[in-house]
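Following: one structure in structure tokens, then a few remarks.
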Amino acid sequence: MTRNYTLKDLPDEEKPRERLLKYGSQSLSDSELLAIILRTGTAGNSVLDLARDLLTQFNGLENLIEAEVEQICEIKGIGFAKAIQVKASLELAKRGRGKIAGRYNGPITCPDDVFEAVNQYITKRQEHFIVLLLTTKNTIISLEEISKGGINIASVFPREVFNKAIIKNAARLILCHNHPSGDPTPSPEDIAITKRLAKAGDELGIKVLDHLIVGQNGYVSLKDKGLF
């Protein structure tokens, strides 16, 4: 009878849980942390091997975070239950990261401050349209992701943007999205979306202060460029 390899089967010096307790979580690699979540490997493969395979198949943690449960299940040795464990754990990490960004020690005084609050998005392989909701003193209330994928004028609805602003009692907001190409140069559609949302904000009394486009080559502030 074959059995799955667990963390207990590893040599003491390789056990991620023991290493975490001894050296702290920051000392563990992505694969070691993932192995703790997975808990068991497969017949012939340790849980560390399984964790490394998972990261390799998705070409790193950033892509794994964005993967759906069904995609994770396609990896040999990952069943539905394990895929759900991984997805749930990484979603918590993702939400926590967004909330940390939303607690940027403001107030927001310039585009550099905005870029620091949202620079987690510069390496994303899909476009993410996000909104920084602000108080009257320009401190960040929260960072809200509005849409993901191809950003176009039909996919960003004013009601979604301003509904979140109203619920959170925001006085003003800043629009942001990333360009996976790395080039933050605004497209005509980016400018059109900005003007559309700025007009809606004026009507609702929630000022749109700027639209920042970010990429690995830096950022562009549409306000600084005089584009709305």
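Tabulated data for the structure shown
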read-out: Index of the failed condition, Asn138 passing every other in (1) open to solvent by 10 Å² or more (accessible area, probe 1.4 Å); (2) more than 19 Å from Asn119 (Cβ to Cβ); (3) in a loop (DSSP other than H, G, I, E, B); value: (2)
read-out: Matching entry among Leu175, Leu197, Leu143, Leu132 (being farther than 30 Å from Phe58 by Cα, in contact (Cβ under 8 Å) with a residue 24 or more places away in the chain and either aliphatic (A, V, I, L, M) or assigned to a strand (DSSP E or B) (or both)); value: Leu197
read-out: Looking only at the range 208-217, and only at residues there that are open to solvent by 20 Å² or more (accessible area, probe 1.4 Å) and modelled with pLDDT under 95, the one that is farthest from Asn178 (Cα to Cα); value: Asn217
read-out: Odd one out for Arg159, checked against (1) more than 22 Å from Asn63 (Cβ to Cβ); (2) in a loop (DSSP other than H, G, I, E, B); (3) open to solvent by 10 Å² or more (accessible area, probe 1.4 Å); value: (2)
read-out: Residue satisfying all of: in the range 36-77; modelled with pLDDT of 90 or more and touching a strand residue (DSSP E or B) at 6+ places or on another chain (Cβ under 7 Å); most open to solvent (accessible area, probe 1.4 Å) among these; value: Gly77
read-out: Subset of the range 78-89 (residues that are open to solvent by 50 Å² or more (accessible area, probe 1.4 Å) and farther than 25 Å from Gln126 by Cβ); value: Ala81
read-out: Residue check, Leu92 open to solvent by 30 Å² or more (accessible area, probe 1.4 Å), within 20 Å of the chain's Cα centre (by Cα), of a type in the set (A, V, I, L, M, F, W, C) and under 21 Å from Lys148 (Cβ atoms); value: yes
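The values are calculated or read from the model by the stated rules, or taken from the named source; none is laboratory data. This is a predicted model, so every value here is computed, not measured. So basically every Cβ, Gly included, is an ideal-geometry build from the backbone, and we count neighbours across all protein chains shown. Note: areas computed on protein heavy atoms with side chains; ligands, DNA, RNA excluded. Shrake-Rupley method; radii C 1.70, N 1.55, O 1.52, S 1.80 Å.
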